[in-house]
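To start, the structure under review is shown below, and the notes come after it.
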Amino acid sequence: MKFFIDTADLDEIQEAHDLGVLDGVTTNPSLCAKIGVADFEGHIAKICNMIEGDVSAEVVSTEYDDIMAEARHLAQIADNVVVKVPLIKEGIKAIRSLSDEGIRTNCTLCFSATQALLAAKAGASYISPFIGRLDDISDNGMQLIEDVVTIYDNYGFETEILAASIRHPMHVLEAARLGADVATMPLSVIDQLLHHPLTDSGLERFLADWNKLQKELKTPA
Ligand code: E4P
């Protein structure tokens, strides 16, 4: 499973990158607004320089011609840019054309398996089912991942399943069990994956016992 970080914050991207397990970055307009990105293209260029993996940059247009123009522009920023396009009718049309032009896309805001089927047929490089937002409204985000995995396997679609809107480590675990290709998550969740209280208390005990032994070895009998 590939790990992407879901942020536009350069410090957070660097921190995840330093851990040595980061495969890519996803951004969206809300994440950019959160940190007050003024020069969007310059910011995406900086992220693309920081990591070798794919960096999703989202269009804000909703009409086919405008999406196409924006996507072509974003794709020129760097080779590892993946253009994020919303799962609307104009978006699906644009994904088809962009795919034909060799521009890679991440089809975003996916909330149903039939939407995911359309995105794959249009040639999306990634599909982003939003697990957390479905759970937020008492729906079942993980069922969507399971359905999309089954459908893509049935027909051999190459579109990668990017589990998005991840809220906690159980989302990562379940998505991995089901065979999602990628999980994109905030830095806080990457951090939570790492920690276990028994690891902390176990290490504390190992070090205490070791230090006790050193003291005993130094004390003459
Ligand atoms: C990723 O590509 C999405 O933009 C992101 O995961 C959405 O997450 P949220 O539901 O926490 O905003």
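The values are calculated or read from the model by the stated rules, or taken from the named source; none is laboratory data. Model, not experiment: these values are computed from the prediction. Here the Cβ is made from the backbone with ideal geometry for all residues, glycine too, and neighbour counts use every protein chain on show.
Looking at the structure I just gave you, is Ser128 buried (at least 18 other Cβ atoms within 10 Å of the Cβ), touching a residue at least 12 places away in the same chain (Cβ under 8 Å) and either hydroxyl-bearing (Ser, Thr, Tyr) or at positive phi (or both)? So that I can check it myself, show each step before the final result.
On the way: buried (at least 18 other Cβ atoms within 10 Å of the Cβ): yes; touching a residue at least 12 places away in the same chain (Cβ under 8 Å): yes; either hydroxyl-bearing (Ser, Thr, Tyr) or at positive phi (or both): yes.
Criteria met by Ser128.
Check whether at least one residue in segment 76-93 is under 19 Å from the mean Cα position of the chain (by Cα), part of a helix (DSSP H, G or I) and of a type outside the set (S, T, N, Q), and report yes or no. Give the steps one after another, and end with the answer.
Taking segment 76-93 first, the residues under 19 Å from the mean Cα position of the chain (by Cα) are 78-87.
Applying the additional criterion that residues be part of a helix (DSSP H, G or I) yields none.
No.
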Where Gln76 falls short, out of the listed (1) over 20 Å from Phe130 (Cβ atoms); (2) within 16 Å of the ligand (Cβ to nearest atom): (2)
For segment 32-43, give me each residue that is within 14 Å of the ligand (Cβ to nearest atom) and buried (at least 18 other Cβ atoms within 10 Å of the Cβ). Cys32
Just one listed residue, out of Leu162, Leu193, Leu144, Leu117, is in contact with a Ser or Thr (Cβ under 9 Å, 6 or more places away or on another chain) and either of a type in the set (Phe, Trp, Tyr) or without any contact (Cβ under 8 Å) to a residue 60 or more places away in the chain (or both), and it is Leu144
Screening Ala124, Ala119 for residues that are closer than 15 Å to Lys84 by Cβ, more than 16 Å from the chain's Cα centre (by Cα), within 15 Å of the ligand (Cβ to nearest atom) and not aromatic (Phe, Trp, Tyr) leaves only Ala119
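Restricting to segment 149-168, name every residue that is within 15 Å of the ligand (Cβ to nearest atom) and of a type outside the set (Lys, Arg). Lay out the reasoning, then the answer.
Applying the first criterion (within 15 Å of the ligand (Cβ to nearest atom)) to segment 149-168 yields 159-168.
Result: Thr159, Glu160, Ile161, Leu162, Ala163, Ala164, Ser165, Ile166, His168.
Yes/no matrix, rows are residues, columns are (1) within 18 Å of Ser165 (Cα to Cα); (2) acidic (Asp, Glu); (3) surrounded by 14 or more Cβ atoms within 10 Å (Cβ to Cβ):
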| residue | (1), (2), (3) |
| --- | --- |
| Ala8 | yes, no, yes |
| Glu12 | yes, yes, yes |
| Val25 | yes, no, yes |
| Ile51 | no, no, yes |
| Asp65 | no, yes, no |
| Ala71 | no, no, yes |
| Asp100 | no, yes, no |
Criterion (out of contact with any helix residue (DSSP H, G or I) (no Cβ under 9 Å at 6 or more places or on another chain) and closer than 27 Å to Ala120 by Cα) met by exactly one of Gly24, Gly20, Gly36: Gly24
Mind checking whether some residue in segment 103-114 is at pLDDT 95 or above, assigned to a helix (DSSP H, G or I), in contact with a Leu (Cβ under 8 Å, 6 or more places away or on another chain) and closer than 20 Å to Gly156 by Cβ? yes
